[in-house]
1. How shielded is A:335-344 by partner chains, expressed as the average number of their Cβ atoms within 10 Å of its Cβ atoms?
2. Angle between the Cα long axis of helix A:85-94 and the longest principal axis of chain A, 0 to 90 degrees, nearest 10?
3. Given the -39500 (n - 2.57) contribution per DSSP H run of 4+ residues, what per-residue ellipticity at 222 nm results for chain B, rounded to the nearest 500 deg cm²/dmol?
4. Only loop residues by DSSP count here, and only those with at most 15 other Cβ atoms within 10 Å; note down the chymotrypsin sites (Phe, Trp or Tyr not before Pro) in segment B:102-197 that meet that.
5. Go through segment A:253-344 and name the trypsin sites (Lys or Arg not before Pro) that are in a DSSP coil and have 12 or fewer other Cβ atoms within 10 Å of their Cβ.
6. What is the order of B:58, A:259, A:240, fewest Cβ neighbours within 10 Å to most?
7. Which residues make up the longest stretch of chain A that has no GluC sites (Glu not before Pro) in a DSSP loop with at most 13 other Cβ atoms within 10 Å?
8. Take the cross-link list A:107/A:246; A:3/B:232; A:43/A:91; A:49/A:197 and give me the ones stretching past 27 Å between alpha-carbons.
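Laboratory data are not the source of any read-out in this text; all were calculated from the coordinates shown. All figures in this text were calculated on a predicted structure; none of them were measured in a lab. Every residue, glycine among them, receives a Cβ derived from its backbone with ideal geometry; neighbour counts consider all protein chains shown.
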There are 2 protein chains.
Amino acid sequence: MKKITVIGAGYMGSAITYPLSDNNFDVSLCGTWLDDEIISSSKASIHPKLKKPINKNVKLFYWTEIDKALMDSEIIFIGVTSEGFIEIFKKILENIKKECTFLTLTKGFIKYKNKIYRISEIAETLFKDKFKNIIFKWCSIGGPVKAVELANFIPTVSIYGINNESLRNLAISFSTDYYEVFTISDFKGVEISSALKNIYSASIGIIDGLYINDNKDSYHNFSSWIFSQAIKEMAKISVVFGASEKTVFDFAGIGDLYVTSQSGRNRRLGELIGKGFKADEAYNLMLKEGEVAEGFNTLKLGFKWIKDKNKDLLIKLPLLQALYNIITENSNPYYLLKSLFKKI
Amino acid sequence: MKKITVIGAGYMGSAITYPLSDNNFDVSLCGTWLDDEIISSSKASIHPKLKKPINKNVKLFYWTEIDKALMDSEIIFIGVTSEGFIEIFKKILENIKKECTFLTLTKGFIKYKNKIYRISEIAETLFKDKFKNIIFKWCSIGGPVKAVELANFIPTVSIYGINNESLRNLAISFSTDYYEVFTISDFKGVEISSALKNIYSASIGIIDGLYINDNKDSYHNFSSWIFSQAIKEMAKISVVFGASEKTVFDFAGIGDLYVTSQSGRNRRLGELIGKGFKADEAYNLMLKEGEVAEGFNTLKLGFKWIKDKNKDLLIKLPLLQALYNIITENSNPYYLLKSLFKKI
């Protein structure tokens, strides 16, 4: 029975243990330094975020036990926030001795030595520093997967972007009767869509917030062209960065933006902004409740990432520009989003 | 001031009079034989479906006055159901004497002499029977436009698929500060997307119905991959019928499926089926309330339309097949939709 270690006991890291352990892999779940309470609670009774017990055949570890959690493991899932990724990935590298496969649930961009990167770029650089002649095996996991729903066995599809053909069968073997894994080679595309949907879903949330404030429940003409525009911009960005627009027009893009726009933390960040909160107030309010709206930082990093690579592209991304102005300058969201339809 | 006549005083025909009359066109709204009460009510006070008065500069006509409504009009909007289209279009042709432009809000497929057609195909045939040497000028209107929201000035985008370059400026001149018109030449694509979204949105409704019945509010992983699959199938169908998949990946496809999946009659038809009603029970229940869920008949016609043209294509449309079985054979919707992810 193959051993799998999942690092990060937040929503996604914990939820993925259900299909993995239901497939009888030998699964270890190791929290980060922020997850001690989650691990304690999960050992005693239930996972406090998922509100249910972790499967009994999953071994639970605290951050300080990461060496034990990773021992003899060749398949490593990473389910931490993008902010913590570098530190945690370095720690993982310290604790492995041989060829491993990394599958990451982390979404977003990473700032490293004053430049912005996709997560897999940083991971590969760090990996090659230690393992010069070993193949870097990487999978970016995307698609419409809300962790709580996966943990409750709602029929779920996920898309695994793999950088090496040898990962295809492994990925497919994680499928269950409630979790279906599809694989594609465009791991960059999956990575980019996963990051961008956290940004763009905030725009749907903003419209929800604007109209909920007005006591209106019928305003989907507005959110629909914004949704459609978001997909178009995601496709444009993907192509410029060497990924395929096909990936956007599939589960990784349309599917994931849809689920994130229906519910989730980044939609809620937008909703609070639509209701009148300044962006940083909204972000901090959620943080106090223990929820990280990653789209807030992903937008700032993503905007710079695009600007550094291809400044002219920004002109073709009026929705992204509007969101950037709303988030960084607290510009009027109704006016900015509405006036967009004259610019697209 | 150009004269525009809108035929059909249901939701969409009536709603389109707001941007048209706000642009100071000379607008006449003529009900069908089913709309007498709507016209009476609108003359006296408010439009009973839109729950607000029609603009004062719009002239209102009963079906029996169609000759007066069409007099001197060269721009004709058609906002009737697909079931009534042929009879009404024939009546329009009887009452016009010269070159006209037709802009249609009707969505769906039409059965004519035992074969299934797109609406514009039938319209062109009927038109050419009468006006042999006159250019057939046609526009299929699509995009995410819920009529009640348009009538309430929610920022709305619409896409006008035009078959003749001369219509471009006319279409754009309908824009207001709450209604933005975009034009494309792929009128076939707009027509196909508009029909198909009424079919596929029922699948999102079914999932809503299944989980509302279970008192669950978090099930969007499921609806998201179904939404994404719907777009993929719409793109496949469009290409086979000579339209562009780009049209699907834009306001006419993604945008319109999104709004129709959030609210609207075809989503509701699906919801009732998800709650346990048989498809025809659900359709008739809505009919009693005065609401026509067009997707019900569009699915039956659309399925045959595809089958006649290209039977092999159906194999690549597992969601459409599942919907067809649910609607025509009352097959178990949960089982059929869930098991789809093994077939896509």
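1. What the average comes to for A:335-344 is 3.
2. Rounded to the nearest ten degrees, it is 10.
3. Estimated from H runs of four or more residues: -15000 deg cm²/dmol.
4. Values: sites: B:102, B:109, B:112, B:117, B:127, B:131, B:136, B:138, B:153, B:160, B:174, B:178, B:179, B:182, B:187; in loops: B:131, B:136, B:153, B:174, B:178.
Hits after loop and neighbour filter: B:153.
5. In loop regions of segment A:253-344 (DSSP not H, G, I, E or B), the sparsely surrounded trypsin sites (Lys or Arg not before Pro) are A:343.
6. Going from least to most buried by this count: A:240, B:58, A:259.
7. Working: sites that count: A:99, A:165, A:289.
Value returned for the longest uninterrupted segment is A:166-288.
8. Values: A:107/A:246 19 Å; A:3/B:232 36 Å; A:43/A:91 24 Å; A:49/A:197 22 Å.
Result: A:3/B:232 exceed 27 Å.
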